[in-house]
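The values are calculated or read from the model by the stated rules, or taken from the named source; none is laboratory data. Model, not experiment: these values are computed from the prediction. Heads up, the Cβs are rebuilt from the backbone with ideal geometry, glycines too, and the neighbour counts pull from every protein chain shown. To get the accessible areas, we keep the full protein, side chains included, count just its heavy atoms, and leave off ligands, DNA and RNA. Shrake-Rupley method; radii C 1.70, N 1.55, O 1.52, S 1.80 Å.
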Number of protein chains: 2
Amino acid sequence: MKKLINDPRDVLRESVEGFALAHSSIVEAHWDPTFISQRRPLPHSTVALVSGGGSGHEPLHGGFVGDGMLAAAVPGAMFTSPTPDQIDAAFHHADVGGGVVAIVKNYTGDVMNFEMAVELAQADGIDVRTVLVNDDVAVEDSTWTAGRRGVAGTVLVEKIAGAAAARGDDLETVVRIAEHVNANVRSMGVALSACTVPHAGVPSFDLGDDEIELGIGIHGEPGRRREKLSEADTITATLLEAITDDLALASGEQVLLFVNGMGGTPTSELYIVYRAAAELLSRAGVVVSRSLVGNYVTSLDMQGVSLSVLRLDDDMTSLWDAPVHTAALRW
Amino acid sequence: MKKLINDPRDVLRESVEGFALAHSSIVEAHWDPTFISQRRPLPHSTVALVSGGGSGHEPLHGGFVGDGMLAAAVPGAMFTSPTPDQIDAAFHHADVGGGVVAIVKNYTGDVMNFEMAVELAQADGIDVRTVLVNDDVAVEDSTWTAGRRGVAGTVLVEKIAGAAAARGDDLETVVRIAEHVNANVRSMGVALSACTVPHAGVPSFDLGDDEIELGIGIHGEPGRRREKLSEADTITATLLEAITDDLALASGEQVLLFVNGMGGTPTSELYIVYRAAAELLSRAGVVVSRSLVGNYVTSLDMQGVSLSVLRLDDDMTSLWDAPVHTAALRW
């Protein structure tokens, strides 16, 4: 294993410290228990968005803390759910009287620990609602999940619901909008290589020199099938077909097309995949009116991409366009 | 070689097409010869910044085309200088009567081809000035360069000079500011792995399982020395010491600290390096008042980072803070 780290046990603390130092005008780090919050307090009675999950997917979620997106993020250990006390502390810190929306990726550990934290916070009188994200069309159940997994679509849920909270929508409305985004986004990924978790020290799985894993999960868990590496256009068509079939996307509809890098993929390859997907959508009469390309939900150093398509309506589009000021997404 | 590409000969065209599609509100692609320009024309008689170089370093330079930064970017083939006719076409397109500043990384091929393009454009009455970037302290001469190489500091030159052009500074002033940034920025990188150029199909060099290359160039060319992999804090201290010694940085000075990922490095590791560098600078009494962390000048899928330190003054700081609207840098 070759990594730019010190003691593997210090990876989380040191990377969160570095993150908080580098973006000290936007975020602050809290310890015992660990969470990241927006530095500038939200206006009183605004709805606060809180998300979290295992580390190793950076910039998710800490990189999305800031004006117009998350009020707080809770990083667990590498690929491990944060603990209920961490999440509860973030809920308490984030709430400014408008209630809290917890955005939870559908993994069994996350769901369980967020549920316990919600109970703790509610016992203290904080109104917390949970929105589960489950955008991955690849598999129905997997090693880590009952039901569909939550993957890159989470970024779109957090951005759009965050903009709704920032414009002053109430708790019920922000929940409804977050669920509406989740209902209209589908994703699927492919891995060309495994990733290496620092404390494990070896790749999370083995792929042959000419093999890819279609429908890979963000922890390297198995997807739909392994096959021989083929051309980018072929792979992209496979991912996109699974997504658009599931979305029942029709000609004339507007979408946001999101090509997400898994961490180790050159930018030029992300754009080759974007080109193939955009052309296929265009040929089907679908209008790509918004786009996002980059490393947003990663799996450490994994080589691969995920494709996400979000069916847009006017409100979602204007919430997507609304200003955002976070470390990883800013306009 | 495992890559998300189609025919290796189509990588450049297809990735530029995808890039232009994904960011069609900001840029447009031109073909025969190939260059990328800002979609929105500059106000008449504004100074236009043009940069370029071999592909494989994305988002450099196309990702920095847009309001407040570059008017055009010229991508050569992978790790290969763009041709004079490409560069000349970009000069002609970009010029709106205020003259052109060409930002050139100091590599022999780039310098030669930009020189020929400048002659062609000047023969047509376009006032083009060249600013050479040579921020790499690692080596004095190398396989690809006479003198110091131009590396990640180029992003800082392009951002700050671009902001000067956008506020209406004239040609001489923009050149002076770009040279002032170059004179005050130093960089040095380290590689944990080589990168694989698509048409080559094999890694650009061999590194042992426990080896790193200190002072690596952005094409994988040799640096200062190979050594055993050590802790991130130790490696960071080595890079930073070479930089701050060369800059003759003194206690009380303000700097911008830039940790650049080479393409295949997890985000968490970039922040571990940032943390180590920020702490060392702080201990030396240097004030880190601005920061940048991410994959901005990459070497395809190489694992590694570069560190850059820019000595700031008030004008550079306010130009750094000025709005920018490009695919890769936006605030």
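Quick test for you: out of A:309, A:286, pick the one residue that is hydrophobic (A, V, I, L, M, F, W, C), closer than 30 Å to residue B:2 by Cβ, modelled with pLDDT of 95 or more and surrounded by 24 or more Cβ atoms within 10 Å (Cβ to Cβ).
So the residue among A:309, A:286 that is hydrophobic (A, V, I, L, M, F, W, C), closer than 30 Å to residue B:2 by Cβ, modelled with pLDDT of 95 or more and surrounded by 24 or more Cβ atoms within 10 Å (Cβ to Cβ) is A:309.
Here are the criteria: (1) over 16 Å from residue B:246 (Cβ atoms); (2) open to solvent by less than 10 Å² (accessible area, probe 1.4 Å); (3) assigned by TED's automatic domain parsing to the domain that holds residue B:41. Tell me which single one residue B:122 does not satisfy.
Failing condition for residue B:122: (2).
Looking at the structure I just gave you, is residue B:90 open to solvent by less than 10 Å² (accessible area, probe 1.4 Å), within 17 Å of the chain's Cα centre (by Cα) and among the small types (Gly, Ala, Ser)?
So residue B:90 fails the test.
Condition first: touching a Gly at 6+ places or on another chain (Cβ under 8 Å), without any contact (Cβ under 8 Å) to a residue 60 or more places away in the chain and not aromatic (Phe, Trp, Tyr). Now tell me which residues in region B:19-41 satisfy that.
Once the filter is applied, which keeps residues that are touching a Gly at 6+ places or on another chain (Cβ under 8 Å), without any contact (Cβ under 8 Å) to a residue 60 or more places away in the chain and not aromatic (Phe, Trp, Tyr), region B:19-41 yields B:36, B:38.
If you go through region B:109-142, how many residues are part of a helix (DSSP H, G or I) and in contact with a helix residue (DSSP H, G or I) (Cβ under 7 Å, 6 or more places away or on another chain)?
Going through region B:109-142 one residue at a time, the tally reaches 6.
Identify, please: which residue in region A:23-45 is under 11 Å from residue A:62 (Cβ atoms) and either among the aliphatic types (A, V, I, L, M) or outside the structural domain of residue A:102 (by TED's automatic domain parsing) (or both) and is, among those, surrounded by the fewest Cβ atoms within 10 Å (Cβ to Cβ)?
So the residue we want is A:29.
Just to be sure before I move on: is residue A:172 at pLDDT below 95, open to solvent by 20 Å² or more (accessible area, probe 1.4 Å), assigned by TED's automatic domain parsing to the domain that holds residue A:76 and more than 26 Å from residue B:266 (Cα to Cα) in the structure I sent?
no
Here are B:280, B:292, B:270, B:329: which of them is modelled with pLDDT of 95 or more, at the interface with another protein chain (Cβ under 10 Å from one of its Cβ atoms) and out of contact with any strand residue (DSSP E or B) (no Cβ under 7 Å at 6 or more places or on another chain)?
Among B:280, B:292, B:270, B:329, only B:329 is modelled with pLDDT of 95 or more, at the interface with another protein chain (Cβ under 10 Å from one of its Cβ atoms) and out of contact with any strand residue (DSSP E or B) (no Cβ under 7 Å at 6 or more places or on another chain).
Take residue A:110 and tell me if it is open to solvent by less than 30 Å² (accessible area, probe 1.4 Å), more than 26 Å from residue A:44 (Cβ to Cβ) and among the acidic types (Asp, Glu).
Criteria met by residue A:110.
Given the criterion more than 19 Å from residue B:134 (Cβ to Cβ), in contact (Cβ under 8 Å) with a residue 40 or more places away in the chain and either facing chain A (nearest Cβ under 9 Å) or buried (at least 16 other Cβ atoms within 10 Å of the Cβ) (or both), identify the matching residue among B:253, B:221.
B:253
For residues that are part of a loop (DSSP other than H, G, I, E, B) and over 18 Å from residue B:266 (Cβ atoms), tally how many sit in region A:192-217.
Total meeting the criteria: 6.
Please count how many residues of region A:182-212 are open to solvent by less than 10 Å² (accessible area, probe 1.4 Å), out of contact with any Ser or Thr (no Cβ under 7 Å at 6 or more places or on another chain) and more than 9 Å from chain B (Cβ to nearest Cβ).
1
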